[in-house]
Every structure is written in C-alpha cells, then in structure tokens.
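The values are calculated or read from the model by the stated rules, or taken from the named source; none is laboratory data. Small disclaimer: the values here were computed from a predicted structure and weren't measured. Glycine gets a Cβ as well: all are built from the backbone with ideal geometry, and neighbour counts include every protein chain shown. For accessibility, only protein heavy atoms count, side chains too; no ligands or nucleic acids. Shrake-Rupley method; radii C 1.70, N 1.55, O 1.52, S 1.80 Å.
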Amino acid sequence: MLSRLISPREKGPRPVTDVSIRDETRPAQRERTVLGTDVPRKEDDRLLRGAGQFTDDVDRAHSAEMAVGRCPYPHARIARIDASAAVALDGVLQVLTGAEVAARSGLIGILRPVPGAPPIPHFALAQETATYEGQPVVSVAAGCRANGIQPNRKARKKIA
Amino acid sequence: MKAADSDTARLGLSEPSVVVTVEVNGTSVTEQVPARLNVADFLRHRLGLTGTHVGCEQGVCGMCTVLVDGEAVKSCLMLTAQLDGGRVETVESLAAEGPLSPLQERFRQEHALQCGFCTPAFLMTATALEARGGTWTREEIREELAGVLCRCTGYEFIVNAVEAHLAAGERTQAGD
C-alpha cells in the first residue's frame, strides 16, 4: 500500500510518505500522547510545599545585599534624591539612582506573552517619572541586609 | 518580651535587640533578634523557612503572607518583636513531611501555580479564609485574595482552586 503512494520518480532515500507507517489511531499510542490532556507538573510538589529554590533563597559567601527604594505612588515626578547620608554610612557599597543606571546600562524589556503587546523598554530604576506604585527608584548595596535597608530610608526621596 | 540591653553590650552588638519566644509551625522558638528585624527576614534568615517569599518589602505584593495567631498578615510589615507569645504558621506547616494537604492538592489539580513564587502566599491566605468558616461567593474570594499579586497572572485558576476547596469543605490542619 505504501508503494502506491510513491511515484516512480521519488524512489531512492526514504520517502516523505514514510510517516504513514506510524499508525496514530492505535489506542496504545494514543494514550501516550500529551496533546489535549492535563499533565501533572513535576515541579508543583516542591513549589506547593515552599521547598522551591529561588535566587533570593541562595546564600552565597561574600554576597552583598541590595535594598530597593520604591515609588509609593501610582504616578509621580521624582524631584530630587539625596543619597549623601546613605553613602556616608559604614558598610554601604553603592547607591544607585535612575541617572546612574541610565549611564551604566541599557534599556531592559519585560516578558509579555500577549500577541502584539508592546515591549515597554525601560531602565531598571525610574528616570524622571515613576509610572507605577512599587517602581524601583533608588537602590542601596551593602555588606549586610540591615545596612542596606537602613540607608535606603536615609536616601531621602523627594517625590512630587 | 524583654529588652536584652545587657546581652547587647556583652555580645558587642551595635544595635538594640530583643528576646522573642514564639511558636513557629508548632515548635517553640526563642531567639535574640535585632529590634528592627521584620518577620519575613526572621523566618527566612533566622529559621531558614524560605517558603515565605519577599517581593516589594512594602506591603503591596503580598508574597510574604503568613498566619500570625491564625490571621493572614504581610510579614514584611511586622516586627519580630511583635510575635512574642504568639503563633506563626508558614507554608511549610501545610504538609510537613507527609502528602500534600487537600488545599495544596487542589492547587496542583487546578494548575493554580506556574512559577510558584506567589503560591505560598495564596495558600496561607486561603488557609486563613477557610479557618474563618462560612461560605464565600466567588466575588468575595477574589476580594479576599486581592492582597497577593501573581505576575504569571494565573488568577482565574487560583480562584478556581480556592473556590473548589472551600466548596468541598476540605479541611487542613493549619489555622484550626
């Protein structure tokens, strides 16, 4: 039967029509397919127990801590950021603001698995205007976590 | 809770600390902690309970939701010192060593998780909801879950799982 599907010119290497040899209608093979069926995920068990490991759960030796100061308003102009008190504290490695991020890095995008959705390129820290509540505005890197959080409060953000 | 200033001096610590005794997932814990240490950091960094996640650290995203005396709270907004004499339950309490709890099993069946980062917070919020008893409409469930964000945006399946769990009257140990 297979030979009837192949024209004489196509003799030689295995013909494309060879796929008809796989009989997809046989029940034994149907049961093995993942298409159209619910497949239990292997990772769900550990994620549901809180036993997953995210990057924040990894403790590396000598790693610095970073605290992020975020915009408390849905939309706000950033009038001024005074990081001098934060920089002066012991243990503080670096304070970054939007201007420094723009000078040192490029635009980043976000994954938006929606067809036709615009990519919304942006910098890691807000520039002149923060456009959503919780947008990162200033970051403080320090040798330990407490030293990161405290100076972040001292990096006074004047937000209009 | 008692101030441990003499200990602070003895240990050479540079900031005020307090001694806190709290029951965490059924185990009594006594720890000397910095007065400013928040509950999320206490659970994660002192007790190693990394199932409680930290997102915004300002009470917006809800990732750090745990139960304190049976109530769902955002643990980044609470100081460890406030836990003294209290009881905390985290996601690790839901199915300590055994099989998944009915609520967790519902989440799995309904595909109510993708990356899993927000999952512990939704589980604990739903646990508190269940402990309050009564019946809940879908709209009320959505309102109650609104304090936790899911950036995979799987809300429909999460609400489905919680709704099905509450409707089935599936009981869990935590929060009872």
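Just a few scattered comments:
- Solvent-accessible surface of segment A:38-143, taken per residue with a 1.4 Å probe and all protein chains present: 65 Å².
- Buried area at the B-A interface (accessible, heavy atoms, 1.4 Å probe, summed, Å²): 2200
- Among B:Pro16, B:Pro102, B:Pro120, residue whose mean-square fluctuation peaks in a GNM of chain B (springs only between Cα atoms under 10 Å): B:Pro16
- GNM top mover of B:Gly85, B:Gly62, B:Gly147 - chain B, alpha-carbon springs below 10 Å: B:Gly85
- Contact with the other protein chains removes 20 Å² or more of accessible area, compared with the isolated chain and a 1.4 Å probe, from these residues of segment A:42-57: A:Asp44, A:Asp45, A:Leu47, A:Leu48, A:Arg49, A:Gly50, A:Phe54, A:Asp56, A:Asp57.
- Take each residue in B:38-49, count the other chain C-beta atoms within 10 Å of its C-beta, and the mean is 1.
- For the segment B:94-102, counting C-beta atoms of other chains within 10 Å of every residue's C-beta and taking the mean gives 2.
- Gaussian network model of chain B, springs between alpha carbon atoms under 10 Å - residue of B:Thr127, B:Thr137, B:Thr80 with greatest fluctuation: B:Thr137
- Peptide B:104-117 has a mean shielding of 4, counted as Cβ atoms of other protein chains within 10 Å of each residue's Cβ.
- Overall, the accessible surface of segment B:104-168 at a probe of 1.4 angstrom is composed of carbon and sulfur to the extent of 49 percent.
- Which of B:Ala95, B:Leu83, B:His53, positive extreme of dipole for chain B (C-beta unit charges): B:His53
- Cα gyration tensor, segment B:23-176 - rounded (a/c under 1.5), prolate or oblate: prolate
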